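> My questions all concern the structure below.
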Number of protein chains: 2
Amino acid sequence: MENIGKKLPEQVADTIIEYIQEHDLQVGDRLPNEYDLAKELNVGRSTIREAVRSLASRNVLEVRQGAGTFISKKRGIADDPLGFGLVKDTLKLTKDLFEIRYILEPRVAALAAANASNEEIQAIDEVRLAIEKAMDTDTELQLNLDVEFHSLIAKASNNVAMHHLIPIINESMFLYNDGYTNQRVKEETILLHREIVAAIKKHDCDAAFDAMTVHMAYNRMNLNRFEQETNK
Amino acid sequence: MENIGKKLPEQVADTIIEYIQEHDLQVGDRLPNEYDLAKELNVGRSTIREAVRSLASRNVLEVRQGAGTFISKKRGIADDPLGFGLVKDTLKLTKDLFEIRYILEPRVAALAAANASNEEIQAIDEVRLAIEKAMDTDTELQLNLDVEFHSLIAKASNNVAMHHLIPIINESMFLYNDGYTNQRVKEETILLHREIVAAIKKHDCDAAFDAMTVHMAYNRMNLNRFEQETNK
């Protein structure tokens, strides 16, 4: 990291990031307390406090009152990172985001079939089952689990950029268009999620690619149907 | 926007975003001054000030000392929006980002061939020419122009999500791996940029798709060559 022209707390923020990387701290892990960190990094506690505050605003750290400071599960990804809150036409935005998913997700599924560990496959399958259970009872939970399902597949793809990007695309779709998500056809989703997981389990890249393609195609058909109904 | 539980400055920040949308303010446009805005939105000037500060930190607005407050050209996109600063292995990150470009850019080029206006085509062509000029004299300028070139094509695709995403992917690649970008082969880039622009000009989607695919494939070959040389 380039430190020229940076203020001390910013430099210390960079140093804390290096500390996190060197100690391989994972999401949910606890950072040493202010006192120990100040000692370790050889700076004042007020500087540490300011650096931690700035890292919390960047979603790198999460400060839980009374419990300590932890690696945020947001993994440094900003709120509304792509600035979609500024886009006016949210139905078009949803369709445009969908276009991106349509192109990326089949490749992600194929990579997941190639690279997923047994633990990752098990985690994906558990979320798949939870989605089926939530489907008739709790739409909001179902939608959150759906983001989690595709996010876990992206994680299993072993492409770190996909793992950061896919959840953002999916969350944005839900965020900016409630109506669409309620239109999603349940039976198709259940069956295709099962196909996707089965293909990843068998490490069959083509089958995973195809099942995800069909899943995306069905979703887009539903989105367009929803649009036509809305325009009536 | 949901205002329950939000503090007043946050609510006013939302209102300012609505104001920007309703008045269709574009990048570089000036926001009314604090006094007029306070009057228009019927809140105190200190609240406006706090709301503007928060929108500036979100890269929605840009405060230029003495000149006023403007719509930021960062279009609300956070600095390091995808949290890549936390990723340790930057060569792997570069390759993983490249995988995303490889999948998205040909489709973006095809959409641009379908949708680009004459003004957009002209702007793309001007940047193409500027890249050729900068190539032997100013590497940093060339890289910035390259991001601009692909960003303008994404804009011309008329997919707003692509327009937000493509520059972030490209900037991240340059940001986290200097070495790679210097390895890029110049002649191939010049020729393929020309092919891409020619195809978009002719509104030939397949030709645009193919030219961009070749451009991406060459770039990936160079990236892998660079990796092998680095590992020697």
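> Does any residue of region B:2-11 turn out to be buried (at least 18 other Cβ atoms within 10 Å of the Cβ) and not in a helix (DSSP H, G or I)?
No: zero hits.
> Here's something else I'd like to know. Which of the residues belonging to region B:41-82 are part of a loop (DSSP other than H, G, I, E, B), under 21 Å from A:ALA78 (Cα atoms) and either over 16 Å from the mean Cα position of the chain (by Cα) or away from chain A (no Cβ under 11 Å) (or both)? Working first, answer last.
Initially, region B:41-82 is screened for residues part of a loop (DSSP other than H, G, I, E, B), giving B:42-44, B:58-60, B:65-67, B:72-82.
Keeping just the survivors that are under 21 Å from A:ALA78 (Cα atoms) gives B:58-60, B:72-82.
Within region B:41-82, just B:LYS73 meets the criteria.
> Has region A:129-138 got any residue that is assigned by TED's automatic domain parsing to the domain that holds A:TYR102 and closer than 28 Å to B:MET162 by Cβ?
no
> Pairs needed: first member in region A:152-172, without any contact (Cβ under 8 Å) to a residue 40 or more places away in the chain and under 18 Å from B:PHE98 (Cα atoms); second member anywhere, surrounded by fewer than 21 Cβ atoms within 10 Å (Cβ to Cβ) and acidic (Asp, Glu); C-beta distance under 9 Å; at least 6 residues apart or different chains.
Within 9 Å, the pairs are A:LYS155/A:GLU120; A:VAL160/B:ASP89; A:ALA161/B:GLU99.
> Looking at B:THR94, B:THR137, B:THR90, which one is hydroxyl-bearing (Ser, Thr, Tyr) and more than 13 Å from every other protein chain (Cβ to nearest Cβ)? Break it down stepwise before answering.
Working: B:THR94 fails: more than 13 Å from every other protein chain (Cβ to nearest Cβ); B:THR90 fails: more than 13 Å from every other protein chain (Cβ to nearest Cβ).
Result: B:THR137 is the single residue among B:THR94, B:THR137, B:THR90 that is hydroxyl-bearing (Ser, Thr, Tyr) and more than 13 Å from every other protein chain (Cβ to nearest Cβ).
> Working only within region A:97-118, note down all residues that are surrounded by fewer than 22 Cβ atoms within 10 Å (Cβ to Cβ) and at the interface with chain B (Cβ under 7 Å from one of its Cβ atoms).
A:GLU99, A:ILE103, A:ARG107 - these are the residues of region A:97-118 that are surrounded by fewer than 22 Cβ atoms within 10 Å (Cβ to Cβ) and at the interface with chain B (Cβ under 7 Å from one of its Cβ atoms).
> Something else now. Across region A:54-73, which residue is surrounded by the fewest Cβ atoms within 10 Å (Cβ to Cβ) among those that are in contact with a strand residue (DSSP E or B) (Cβ under 6 Å, 6 or more places away or on another chain) and of a type in the set (A, V, I, L, M, F, W, C)?
Filtering region A:54-73 for residues in contact with a strand residue (DSSP E or B) (Cβ under 6 Å, 6 or more places away or on another chain) gives A:55-56, A:61-63, A:68-70, A:72.
From the residues that got through so far, the ones that are of a type in the set (A, V, I, L, M, F, W, C) too are A:55-56, A:61, A:63, A:70.
Working: A:LEU55: 25, A:ALA56: 14, A:LEU61: 23, A:VAL63: 16, A:PHE70: 16.
So the residue we want is A:ALA56.
> Right, B:LYS92: surrounded by fewer than 18 Cβ atoms within 10 Å (Cβ to Cβ), not in a helix (DSSP H, G or I) and not aliphatic (A, V, I, L, M) or not? Please lay out each step first, then the result.
Values: surrounded by fewer than 18 Cβ atoms within 10 Å (Cβ to Cβ): yes; not in a helix (DSSP H, G or I): no; not aliphatic (A, V, I, L, M): yes.
No; evaluated as a whole, the condition is false for this residue.
> Out of all the residues in region A:26-40, which are within 14 Å of chain B (Cβ to nearest Cβ) and surrounded by 15 or more Cβ atoms within 10 Å (Cβ to Cβ)?
A:LEU31, the sole residue that qualifies.
> Out of all the residues in region B:74-85, is one or more exposed (fewer than 15 other Cβ atoms within 10 Å of the Cβ), under 16 Å from B:ILE169 (Cβ atoms) and not assigned by TED's automatic domain parsing to the domain that holds B:ALA211?
Filtering region B:74-85 for residues exposed (fewer than 15 other Cβ atoms within 10 Å of the Cβ) gives B:79.
With under 16 Å from B:ILE169 (Cβ atoms) added as a condition, the list becomes B:79.
Checking which are not assigned by TED's automatic domain parsing to the domain that holds B:ALA211 leaves us with B:79.
Scanning region B:74-85, I find at least one residue that is exposed (fewer than 15 other Cβ atoms within 10 Å of the Cβ), under 16 Å from B:ILE169 (Cβ atoms) and not assigned by TED's automatic domain parsing to the domain that holds B:ALA211, so the answer is yes.
The values are calculated or read from the model by the stated rules, or taken from the named source; none is laboratory data. In this text, all values refer to a predicted model and were calculated from it rather than measured experimentally. Here Cβ is always computed from backbone atoms with ideal geometry, including for glycine, and neighbour counts include all displayed protein chains.
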